[in-house]
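The structure appears right after this line, and notes come after that.
The values are calculated or read from the model by the stated rules, or taken from the named source; none is laboratory data. All of these numbers come straight from a predicted model, not from anything done at the bench. Here the Cβ is made from the backbone with ideal geometry for all residues, glycine too, and neighbour counts use every protein chain on show.
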Amino acid sequence: MKQNIYNDISKTYSVIMSQETRNIVLLFISRSLRSLTAGFVAIAISLYFYDVLKLSLILVGVLFTIGSFATPLISLLVGVLGDRYGRKLVLLIDLLTLPAALLIVLYTKNFYALAFASAIGGFGVAGGLIGGGVGASVGPVITSMLAENTNDQNITFVYSLNSMISTFAGAAGALLVSFISFIQLFWIGVILSLLSAVVIVHVHEKYKLSKRHTNSNDSKVSEKDRRFIKAFAITGLFNGLSMGLVTPYYPIIFHKFFYMTTAQIGYLMSAGGILSGVADVFTPYLTNRMGFLKLIMSTRIISATMMLLIPFSPTAYIAGLLYLVMTPLRAISLPAQTALQMSLISESRRATSSGLNQATRLLASAIATYSGGTLMTLGPLALPFVIAAAFTYINTGVYYYYFSDIPKANSV
């Protein structure tokens, strides 16, 4: 009797959900569990290093820089191996790095062990609750796996929904910092990040490796792919330089310079995440009204200006308000940028392109992250913000240079 009921439920589930829909849902669940963990780790790890282990800002910067340098290399490797050997297997292996890193943090205070944990866990990677923060190396493969389960008509909606769910999960994670101790949070992170890997086991990979090996020309990169891979790599470079200077340090900045408590920082980061998730809902609508390029350029120019004003804020309330305006503006263009990239790159190069874009962004942010900690220690707080805003303005100019004449980037 129970077996019959189970079979009926399974048949009904199969009818209601296509294979593509099931894959997308499972990828959403895995990403949300990972983002929930990243939401509190991104805040807790910096405060744990600074307040509990009593590391200086320069040493925290060193740990963050190690994570920032390692993550893009892992991202690029994951993207290339995913296209070559299968995205699901590579994703499963990569998903295990974050729980391993958190276990190291839980069991040792040795600086070299913490450096290794930062490398495999991606601690200090620029992005925070949006744009790929802690554990960001999984992004290229998840992005390409989502693309293979949808089409050009729905791709912006799928990426917007993915970003919204992921951001809401990150916001919920940030909120936990206000109620739970660092050690308990790290244990929760181990469990949740392991569950995110378990979910992927049930994903059916659509991308057929056999197609690649039956085509002798498949190993060659087309001129079209080469052009757009280069374009997204360069935009990623300037985006990384901008975000790396200040984004990993926001918890410390609000704590050290604006005298916010850990609970207040948790509330602020959570609110920023919630607003970013809400903003993602409007990405498809705004893309249809403005086009990819105008949406990306306008929101990034405004968000860079908001960021530029933060260090000049006379009170913590104004600084927090600027952060709450800046964060969703930064987030709203990310699904559009990802959708544009996946629609312009051929299927066999999507993970590679996404991995290279992320690698250049995070390598640049690694250099900027180390510089940011040093600049905040030796100079005025405003200096890294001014430089970061300048890089964002350059980033928008690069987008215009490469995509102003591309119909897909400008069509409404």
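Based on this model, can you work out whether residue 301 counts as farther than 22 Å from residue 404 by Cα and either among the aliphatic types (A, V, I, L, M) or not in a helix (DSSP H, G or I) (or both)?
no
Scan 247, 287 and give me the residue that is over 23 Å from residue 365 (Cβ atoms), touching a residue at least 60 places away in the same chain (Cβ under 8 Å) and surrounded by 21 or more Cβ atoms within 10 Å (Cβ to Cβ).
287 is the lone residue from the list that is over 23 Å from residue 365 (Cβ atoms), touching a residue at least 60 places away in the same chain (Cβ under 8 Å) and surrounded by 21 or more Cβ atoms within 10 Å (Cβ to Cβ).
Within the range 280-287, identify whether any single residue is closer than 15 Å to residue 329 by Cβ, among the charged types (D, E, K, R) and at pLDDT below 90, and answer yes or no.
Scanning the range 280-287 turns up at least one residue that is closer than 15 Å to residue 329 by Cβ, among the charged types (D, E, K, R) and at pLDDT below 90.
Are any of the residues in the range 298-307 farther than 20 Å from residue 385 by Cβ and not acidic (Asp, Glu)?
Checked against the condition, which is being farther than 20 Å from residue 385 by Cβ and not acidic (Asp, Glu), the range 298-307 yields at least one hit.
Would you check if there is a residue in the range 235-256 being at pLDDT below 85, assigned to a loop (DSSP other than H, G, I, E, B) and closer than 30 Å to residue 349 by Cα?
Taking every residue of the range 235-256 in turn, none turns out to be at pLDDT below 85, assigned to a loop (DSSP other than H, G, I, E, B) and closer than 30 Å to residue 349 by Cα.
Can you pull out every residue in the range 151-179 that is of a type in the set (Val, Ile, Thr) and either without any contact (Cβ under 8 Å) to a residue 24 or more places away in the chain or under 11 Å from residue 277 (Cα atoms) (or both)?
165, 167
Any idea which residue in the range 1-46 is farthest from the chain's Cα centre (by Cα), counting only those that are at pLDDT below 85 and within 22 Å of residue 101 (Cα to Cα)?
Looking at residues that are at pLDDT below 85 and within 22 Å of residue 101 (Cα to Cα), I get 46.
Name every residue in the range 135-172 that is under 17 Å from residue 350 (Cα atoms), in contact with an Asp or Glu (Cβ under 9 Å, 6 or more places away or on another chain) and among the hydrophobic types (A, V, I, L, M, F, W, C), in order of residue number.
138, 141, 145, 147
Hey, can you tell me all the residues within the range 72-93 that are among the charged types (D, E, K, R) and surrounded by fewer than 24 Cβ atoms within 10 Å (Cβ to Cβ)?
Once the filter is applied, which keeps residues that are among the charged types (D, E, K, R) and surrounded by fewer than 24 Cβ atoms within 10 Å (Cβ to Cβ), the range 72-93 yields 84, 88.
Hey, could you check the range 167-192 for residues that are surrounded by fewer than 19 Cβ atoms within 10 Å (Cβ to Cβ) and either among the acidic types (Asp, Glu) or not in a helix (DSSP H, G or I) (or both) and say which is modelled with the lowest pLDDT?
It comes out as 178.
Tell me whether the range 295-304 contains one or more residues that are among the aliphatic types (A, V, I, L, M), at pLDDT 90 or above, surrounded by 21 or more Cβ atoms within 10 Å (Cβ to Cβ) and over 29 Å from residue 140 (Cβ atoms).
Among the residues of the range 295-304, not one is among the aliphatic types (A, V, I, L, M), at pLDDT 90 or above, surrounded by 21 or more Cβ atoms within 10 Å (Cβ to Cβ) and over 29 Å from residue 140 (Cβ atoms), which makes the answer no.
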